[in-house]
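Working notes, beginning with the structure itself.
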Amino acid sequence: MQQIINFVIRNKTSLLFLLLFGISLALTIQSHSYHKSKFINSANFITGGIYDKASGVSNYFDLKTQNDILIEENNRLRSQVFNASDSTSKIIIDSISYSGRYKIQSARIINNNYASSKNYLTINRGEKNGIKEDFGVITSKGIVGIIDNTSNGYARVLSILNTKSKINAQLKTSDQFGSLEWDGKSSSIVQLTDISKFAPVREGDTIVTGGKSSIFPKGIPIGVVDNFELDISGDTYIVNIKLFNDMTNLSHVYIIENLDSDEIKLLENPVDD
Amino acid sequence: MTSLNFNSIIRFVVLVLVQALLFNNINFLGNINPYPYILFILLFPVNNNRSLFIFMSFMLGLFVDIFSDSGGVHAASCVTIAFIRPAVLKFAFGMVYEHQNMKFNNTEFGNRLIYFSILIAIHHFIMFTMEIFNISNIILILQKTLFSSIFTIILCVLISVLFSNKQR
């Protein structure tokens, strides 16, 4: 017993190092498995508050660009409204499907990362605004990511520029779908994998969300096809997509809540015990 | 033996905040970021309580991790360089370090550059390996390590020269 205690005292630095290294290794491994990184995230009271204060200052430098983006969006929506006045059918179908099943809130991005291979964003809306996990996040131009962690006043968004992210997407012109992933290289190019080689893919085609998950509605724009090649197996394409969104310059986003998602989940995952 | 003085605590807080708010958002040429917060570990007083030093380094890494949503990668690489620091000090400074009365302000520039470079390169290599976590991307890891290390070394040298109060 004496010898064990002596051993611990003699090697206390090495043992402390091994203990702390083990803890951080465990945290790292945990953060690499989806939906488990609970402890270490920037959506808490302290870091959220600091980011909120800092972005309150830095937002002023970006006001001009953000105004231009807003005017552009208003322009598009206005032209939709005016042009729909004679043929009412098209716009009404859209607005019913939105107001019936999806609820939309606005939020501001207070921290944006795009340089590492696992990128997250922090937004200034949280549980007190009714935000929960698995809500979708979009801008006026296209999708941004999915909420994966919330605190009282802040929420963390798993960006589409994250190697863990997987989102259902499809071609705008046909219904062949695949999953949207990221290889961690360029912040403006993402990959659409598992799309059948019989799909009519052409360069310049638009890619939209597929509506096969309960998170995003169908038809939210993502980007255009930059180039594509056959997978090693030869059955599916890997399509490089150039994003509509400039992920390096985001400020105002919309959060989409699917009001039917509980019902859909209940149907898809029947009691499995 | 109070090696954790007021000065160190101020340095700790300032470096974490500057890293989170400024240096994480530089994104030079797309995705190259410097990590000069490890100056806290590099310039920690030499005659210290080693267990406390390793623990402080862990906390430093953990705080940067919380701010940048990166799991535990900074914490792991910080404890590692804190643990191997005495060996690197002995290698870089030789006799001066053995006499135990070394101050970083009075050392030669060349020695200090070697000391910084070794620890920064090790730190960045461990960090990017754990962040990417995929050995088939070894080229990407080495490339990121190289570019970020150069950036961090330049910034660390500049900051340490700028804020050194050399007695003449």
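With modelled with pLDDT of 90 or more and not assigned by TED's automatic domain parsing to the domain that holds A:V157 as the only criterion, which of A:G219, A:G223, A:G204 stands out?
Going through A:G219, A:G223, A:G204 in turn, just one is modelled with pLDDT of 90 or more and not assigned by TED's automatic domain parsing to the domain that holds A:V157: A:G223.
Within segment B:130-142, can you find the residues that are modelled with pLDDT of 90 or more and within 11 Å of another protein chain (Cβ to nearest Cβ)?
Across segment B:130-142, there are no qualifying residues.
Being in a helix (DSSP H, G or I), among the aromatic types (F, W, Y) and touching a Ser or Thr at 6+ places or on another chain (Cβ under 8 Å) is the filter here; which residues of segment B:117-168 pass it?
Listed by number, the residues that qualify are B:F125, B:F128.
Kindly check whether there is at least one residue in segment A:101-110 that is over 24 Å from A:G48 (Cα atoms), basic (K, R) and part of a strand (DSSP E or B).
yes
With the structure loaded, tell me whether A:G49 is part of a helix (DSSP H, G or I) and at pLDDT below 85 or whether it fails that test.
no
How many residues does segment B:37-81 hold that are more than 7 Å from every other protein chain (Cβ to nearest Cβ) and among the acidic types (D, E)?
Of the residues in segment B:37-81, 0 are more than 7 Å from every other protein chain (Cβ to nearest Cβ) and among the acidic types (D, E).
Just wondering, is there one or more residues in segment B:46-62 that are in a loop (DSSP other than H, G, I, E, B) and in contact with a strand residue (DSSP E or B) (Cβ under 7 Å, 6 or more places away or on another chain)?
No: zero hits.
Enumerate the pairs (first residue in segment A:63-74 and within 14 Å of A:N245 (Cα to Cα); second residue anywhere and in a helix (DSSP H, G or I)) with beta-carbon separation below 9 Å, excluding pairs fewer than 6 apart on the same chain, so at least 6 apart or on different chains.
Going by the 9 Å Cβ cut-off, the qualifying pairs are A:Q66/A:N59.
Among A:K185, A:K141, A:K166, which is the only one that is surrounded by fewer than 20 Cβ atoms within 10 Å (Cβ to Cβ) and within 14 Å of chain B (Cβ to nearest Cβ)?
Only one candidate passes the filter, namely A:K185.
If B:I120 passes every condition in (1) of a type in the set (A, V, I, L, M, F, W, C); (2) surrounded by fewer than 21 Cβ atoms within 10 Å (Cβ to Cβ); (3) in contact (Cβ under 8 Å) with a residue 40 or more places away in the chain but one, which one does it miss?
Here B:I120 meets the rest and fails (2).
Would a scan of segment A:224-238 turn up a residue that is assigned to a strand (DSSP E or B), in contact (Cβ under 8 Å) with a residue 60 or more places away in the chain and under 30 Å from B:L29 (Cα atoms)?
No - not one qualifying residue is present in segment A:224-238.
Is it the case, given these coordinates, that B:S148 is within 14 Å of chain A (Cβ to nearest Cβ), in contact (Cβ under 8 Å) with a residue 24 or more places away in the chain and under 29 Å from A:N162 (Cβ atoms)?
Yes.
Restricting attention to segment A:113-135, which residues are assigned to a strand (DSSP E or B), over 20 Å from A:S186 (Cβ atoms) and out of contact with any Gly (no Cβ under 8 Å at 6 or more places or on another chain)?
Once the filter is applied, which keeps residues that are assigned to a strand (DSSP E or B), over 20 Å from A:S186 (Cβ atoms) and out of contact with any Gly (no Cβ under 8 Å at 6 or more places or on another chain), segment A:113-135 yields only A:I123.
Which residues, counting only those in segment A:153-201, are among the hydroxyl-bearing types (S, T, Y) and part of a strand (DSSP E or B)?
The answer is A:S159, A:S179, A:T193, A:S196.
State which residue pairs qualify: first residue at positive phi and inside segment B:60-85, second residue of a type in the set (A, V, I, L, M) and not in a loop (DSSP other than H, G, I, E, B) in any location, beta carbons under 7 Å apart, and separation of 6 or more residues or different chains.
That search, which allows pairs on different chains as well, returns B:G71/A:L27.
Could you tell me whether segment B:55-72 includes any residue that is surrounded by fewer than 20 Cβ atoms within 10 Å (Cβ to Cβ) and among the acidic types (D, E)?
no
Taking A:Y254, is it in a strand (DSSP E or B), in the same structural domain as A:S116 (by TED's automatic domain parsing) and hydroxyl-bearing (S, T, Y)?
Yes, satisfied.
Do we find that B:N105 is more than 11 Å from every other protein chain (Cβ to nearest Cβ), surrounded by fewer than 22 Cβ atoms within 10 Å (Cβ to Cβ), out of contact with any helix residue (DSSP H, G or I) (no Cβ under 6 Å at 6 or more places or on another chain) and assigned to a loop (DSSP other than H, G, I, E, B) in this structure?
Judged against the criteria, B:N105 is not a match.
The values are calculated or read from the model by the stated rules, or taken from the named source; none is laboratory data. This is a predicted model, so every value here is computed, not measured. Glycine also receives a Cβ, built like all others from the backbone with ideal geometry; neighbour counts cover every protein chain displayed.
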